[in-house]
Amino acid sequence: MKSRDERLREVYVWELPVRFYHWINALCILILCVTGFLIANPPAIMSGAEANFSYWFGIVRFIHFITAFVFLFNFMFRIYWGFVGNKYAGWRNYIPLTKAQWLEIFEVIKVDIMQIKNKPVESIGHNAMASVIYFGLFLAFLLQCLTGFGLYAQMSKAFLPQLFAWVVPLLGGDLLVRHIHHILMWFFILFTIVHVYLVCYHDYIERRGVTSSMIGGWKFIEEDVALEEEKEEREKAEAAIAKAKAKSKKKPAQ
Ligand code: HEM
Ligand code: HEM
């Protein structure tokens, strides 16, 4: 049995809404890829059979559209949670605006991609590289919703799809929109393969319970990393209190 020398601390990283979001999203992607693939390659046309021998293809499309709505609302919920959730779920993690985030991205490139450094990057939430990739993925989700609902607006008079009626004319017609929508499916399939591989890889190398963290919410973090984070938080809180005090002193007495 393997054992490790460092002391580990349990840290609650992924709140229930983030975990729900993740698994609903993964399930939607699976259903949308399978039904989308069938829509792109209709078996009746591929095999030269009568297209109207049964209505099952209509059901495939219906499942695609229903799942599309779940996908959209789940995605919108995650954006909302980026503003109200804990610090690991916050939107600031996903957009590399600080020097520290860029330094961590270069660190991950050195360790995981170029393998010229042996010390794993010790972050508690997503590392900065993973976060920026998830941000790219969120943009791809947005584009998939725009093109999907843009196409759907041609078939449905309902209020929500009609909000996207401008997408197809803007992109110059149905053909390009379908191409973008189709290529994104392959991007999601590729992402999923690499994503699951990397999750298992990090789980095996770091042994901090990364995979199960998306089920139970907890990760096992090295004591010194957890202490460092606590120190940073304390300093931030003290700085905020000092700033508030200075502000209240400046205000003239009424
Ligand atoms: C069996 C399949 C999957 C497993 C085991 C899995 C596992 C995980 C784990 C453990 C994390 C957290 C990683 C970290 O700490 O950086 C994560 C994050 C994430 N995964 Fe997956 N995942 C799976 C499928 C998918 C699929 C299909 C998608 C969508 C294409 C997806 C999209 C994401 C996203 C967007 C995040 C970031 C979550 C957030 O911050 O809200 N995952 N996944
Ligand atoms: C992960 C997300 C999604 C994937 C992987 C996906 C995949 C696909 C694929 C591959 C096609 C066939 C395109 C072609 O080659 O003609 C398609 C068609 C379509 N998708 Fe999606 N899709 C997704 C999300 C959405 C969303 C959010 C909507 C919004 C309603 C949507 C609506 C449509 C529509 C209207 C069609 C055309 C149906 C038809 O012509 O019968 N899709 N989808």
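FYI, it's all coordinate maths here, none of it is from the lab. Just so it is clear, the structure is predicted and the values come from calculations on it, not from any experiment. So basically every Cβ, Gly included, is an ideal-geometry build from the backbone, and we count neighbours across all protein chains shown.
Observations, loosely collected:
- The range 54-134: chymotrypsin sites (Phe, Trp or Tyr not before Pro) in DSSP loop, at most 11 other beta carbons within 10 Å: 55
- The simple Förster model, with R0 at 51 Å and r as the Cβ-Cβ distance, assigns residue 155 and residue 238 a FRET efficiency of 0.30.
- Net dipole in debye of the chain [+1 Lys, Arg Cβ; -1 Asp, Glu Cβ; about Cα centre; nearest 20]: 920
- The chain: most fluctuating residue of 59, 113, 241 per GNM, C-alpha cutoff 10 Å: 241
- In order along the range 141-149, the phi-based Karplus estimate (6.51 cos²θ - 1.76 cosθ + 1.60, θ = phi - 60°) of 3J(HN,Hα) comes to 4, 4, 5, 5, 5, 4, 5, x, 6 Hz; Gly and Pro are listed as x.
- Amide proton proximity set for residue 222, modelled H, under 5 Å, gap of 5+: 9
- Choice from 123, 156, 131 with maximal GNM fluctuation in the chain (Cα, 10 Å cutoff): 156
- Mean Cβ neighbour count within 10 Å, used as a protection proxy, ranking 168-175, 216-223 highest first: 216-223, 168-175
- For the range 15-220: rounded, prolate or oblate by the Cα gyration tensor [a/c cutoff 1.5]: prolate
- Cα centroid separation, the range 172-196 to the range 88-123 (Å): 27
- Most positive-pole-ward Cα, 121, 169, 100, against dipole of the range 15-220 from beta carbon charges: 100
- MRE, 222 nm, helices only [DSSP H, n ≥ 4, -39500 (n - 2.57), over the chain, to nearest 500]: -22500 deg cm²/dmol
- FRET efficiency for residue 117 and residue 165, using Cβ-Cβ distance with R0 set to 51 Å, rounded to 0.05: 0.50
- Among residues other than residue 151 with Cβ under 10 Å from its Cβ, the summed charge is 0 (Lys and Arg +1, Asp and Glu -1).
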